[in-house]
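Report on one structure; see the data block that follows.
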Amino acid sequence: MTQLSVNVNKVAWLRNARSLSIPNVCQLAAVALQAGAHGITVHPRPDERHIRRHDVFELADMLQDWPQAEYNIEGNPLHNLMPLVEAVRPSQCTLVPDAEHQATSDHGWRMPHDARILAPLVAQLRDWGVRVSVFMDPDPNAMAHVAALGAQRVELYTESYARAFAQGPEAAQAELARFVQAAQAAQACGLGVNAGHDLNLANLKPFLQQVTGVLEVSIGHALVADALQLGMASAVAAYVQELTP
């Protein structure tokens, strides 16, 4: 079954709106794990507008009580990411080419153009015993370049699929074909496939039914929005249900 990693950035963003410690990032991460989530994702940015440095370490400590759960730290390795990963040694590090002040990730790495930048970073992460995932657009031709870096996984950037899904079945089907081809190309190169960005309760299962073999989805914004209505435990349980074949 595809694993669910809950991105808790928006929990931290709500907390940071006031000089208080609520909502508590670690407590809600624990609720998510208790409800069936398989891991926790954070994307710390240099300006700490949501996840802060102390969150990264406090979550790492909390996850010691959840040895079966994975910890995924994602971000731009040219910003503040690498020192945090070196200190924490999470299960997985997802390399994302976001600009320092952009609101959210909006594209994958460009291959082979970015290979020279990424190669020594991937090697360093692997030396630290951290699984490496590379955030990529659904381009089948790029997957061999990712594999050549020594990365173990790609995370397919799914925003274009989510946008097409909202437009209707015909648009969604056309976009899904790109993701099917990209996933197959990645798997043929020996890469595991993750996916994330704008996946939600409506579009998640249709994606997984056609893009087969996805190992992990990372979901934050939509899940936290659903949690405001349903509660964190119920929201996570609903997403886990969507992952069931």
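Values quoted throughout were computed directly from the atomic coordinates according to the rules given, and no laboratory measurement underlies them. Keep in mind that what you see is a predicted model, and the values were worked out from it rather than measured. Here the Cβ is made from the backbone with ideal geometry for all residues, glycine too, and neighbour counts use every protein chain on show.
With 190, 196 as the choices, which residue is within 28 Å of residue 40 (Cβ to Cβ), small (Gly, Ala, Ser) and surrounded by fewer than 20 Cβ atoms within 10 Å (Cβ to Cβ)? Don't jump to the end; show me each part of the working.
Details: 196 fails: surrounded by fewer than 20 Cβ atoms within 10 Å (Cβ to Cβ).
It is 190.
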TODO: Determine if region 6-18 includes at least one residue that is under 17 Å from residue 217 (Cα atoms), assigned to a strand (DSSP E or B) and touching a helix residue (DSSP H, G or I) at 6+ places or on another chain (Cβ under 8 Å).
DONE: yes
Task: 2 or more residues closer than 24 Å to residue 95 by Cα: qualifying helices (runs of 4 or more DSSP H) within region 157-245 - done: 159-167, 169-188, 204-210, 221-230
Task: Selected residue [farther than 24 Å from residue 233 by Cβ and not in a helix (DSSP H, G or I)] from 50, 54, 101 - done: 101
- [ ] Tell me, yes or no, whether region 23-33 has at least one residue that is free of Cβ contacts under 8 Å to residues at least 60 places away in the same chain, part of a loop (DSSP other than H, G, I, E, B) and touching a helix residue (DSSP H, G or I) at 6+ places or on another chain (Cβ under 6 Å).
- [x] yes
Open item on the list: Taking the criterion of being acidic (Asp, Glu), in contact (Cβ under 8 Å) with a residue 60 or more places away in the chain and closer than 22 Å to residue 221 by Cβ, would at least one residue in region 153-176 satisfy it?
Closed with: yes
